[in-house]
Amino acid sequence: MITVYHNARCKKSREGLDLVKNSGKEYQVREYLKKPLSESELKQILDKLSFYPIQLIRTNEKIWKEEYKDKDLSDKELITVMVKNPKLIERPIVETKDTAVVGRPESKIEDLLH
């Protein structure tokens, strides 16, 4: 089962979801702004991505720049920040049983689906 962590207001996220829909593979959508991720879910995604938490943060978001940019936060603290502010999480994330990708560029999703 493929899971798409999706923000319907984001063009890139909608495009990524369309790629998954058109693949014909079974998938589910998790609108993570409506149903936020827990710390353990986020840690599992980070492991599948092989990312450090900072790599999953949208550092150009206003909330990041105003509240967190100049702080020296640990990985655990960064995960907590993303759980409290899911808007900061890069999107879309497409996850399979064993791996995950951030769909920027879209070719990463295409590679995952093939």
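So the values come out like this:
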item: Percent RCO, i.e. relative contact order, over the chain, from Cα pairs under 8 Å lying at least 6 residues apart; result: 36
item: Candidates per trypsin sites (Lys or Arg not before Pro) in region 10-97, loop by DSSP, up to 13 other Cβ within 10 Å; result: Lys25, Lys34, Lys69, Lys71, Lys97
item: Normalised per residue, the volume of the convex hull around the Cα set of region 1-98 (Å³); result: 93
item: Size of charge dipole - region 2-113 - debye, nearest 20, with Cβ of Lys, Arg +1 and Asp, Glu -1, no other charges; result: 420
item: For Tyr27, residues with placed amide H under 5 Å, excluding near neighbours; result: Ile2
item: Charge sum, other residues only, whose C-beta stays under 10 Å from Leu37's C-beta, Lys/Arg counted +1 and Asp/Glu -1; result: +1
item: Given Lys48/Lys84; Lys25/Lys108; Lys35/Lys69; Lys43/Lys97; Lys35/Lys76; Lys35/Lys97, the pairs whose alpha carbons are separated by over 18 Å; result: Lys48/Lys84; Lys35/Lys69; Lys35/Lys76; Lys35/Lys97
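Any read-out appearing in this document is the output of simple, stated calculations on the displayed coordinates, not a laboratory observation. Because the structure is predicted, anything quoted here is derived from the model rather than measured. When we count neighbours, we look across all protein chains shown, and the Cβ atoms used for this are built from the backbone with ideal geometry, even at glycine.
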